[in-house]
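First the structure, in the form of structure tokens, and then the observations on it.
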Amino acid sequence: MWNKNTISVVIATKNRINSLNCLLKSIYQQTACIDEIVIVDQSDENNKNFLLATPNITTNVIYIYNPNITGLTQARNIGVKNSAGDFVFFFDDDLELLNDFIENMLSKMEKHKD
């Protein structure tokens, strides 16, 4: 079953802290268990304290700050190298997920394993 596997979420972000916070709130409300969130921050300033100030976070958050990253692909590559999940979801920092998004994706993958 898919639900026995671990799930990581990788988010590359740059100078969109408010949008990122909306995405994080929607991730914390998922009906499926997310094991870790890897945030690769290319912003002009280190936003770790601001981002991790959300109360009641039960998900492991890995925060990587590097303003020298040259683009989205490099940020995602760094994120996946620092993730441990069996499944890795890549989300843009300006998304907001429906509460059952991850659960629905896992269900579809279970149905269509090929």
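The values are calculated or read from the model by the stated rules, or taken from the named source; none is laboratory data. As the structure is a computational prediction, the values presented were derived from the model and not from experiment. Cβ sites come from the backbone with ideal geometry, for glycine too, and all protein chains shown count toward neighbours. Each accessible area value is taken on the protein alone, full model and side chains, heavy atoms only, with ligands, DNA and RNA left out. Shrake-Rupley method; radii C 1.70, N 1.55, O 1.52, S 1.80 Å.
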For this session: For VAL10, list long-range residues whose amide hydrogen, built 1.01 Å from N in the peptide plane, is under 5 Å from its own amide hydrogen.
Result: VAL38, PHE89, PHE90, PHE91
Exercise. Can you give the longest stretch of the chain with no exposed loop site, where a site means GluC sites (Glu not before Pro) in a DSSP loop (not H, G, I, E or B) with at most 15 other C-beta atoms within 10 Å?
Worked result: 46-95
Exercise. Efficiency by 1/(1 + (r/R0)^6): what FRET value for MET105 and ARG16, r their Cβ-Cβ distance, R0 = 30 Å, to the nearest 0.05?
Worked result: 0.80
Exercise. Hey, which of these cross-link pairs are over 23 Å Cα-Cα: LYS14/LYS108; LYS4/LYS108; LYS14/LYS113?
Worked result: LYS14/LYS108; LYS14/LYS113
Seminar exercise, completed: The correct ranking of SER107, SER43 by accessible area at 1.4 Å, largest first, is SER107, SER43
For this session: Determine the per residue accessible area of the chain with all protein chains present and a 1.4 angstrom probe, expressed in square angstrom.
Result: 61 Å²
For this session: Excluding residues fewer than 8 places away in the same chain, name every one of the aspartates and glutamates whose C-alpha is closer than 19 Å to that of LYS25.
Result: ASP35, GLU36, ASP41, ASP92, ASP93, ASP94, GLU96, ASP100, GLU103
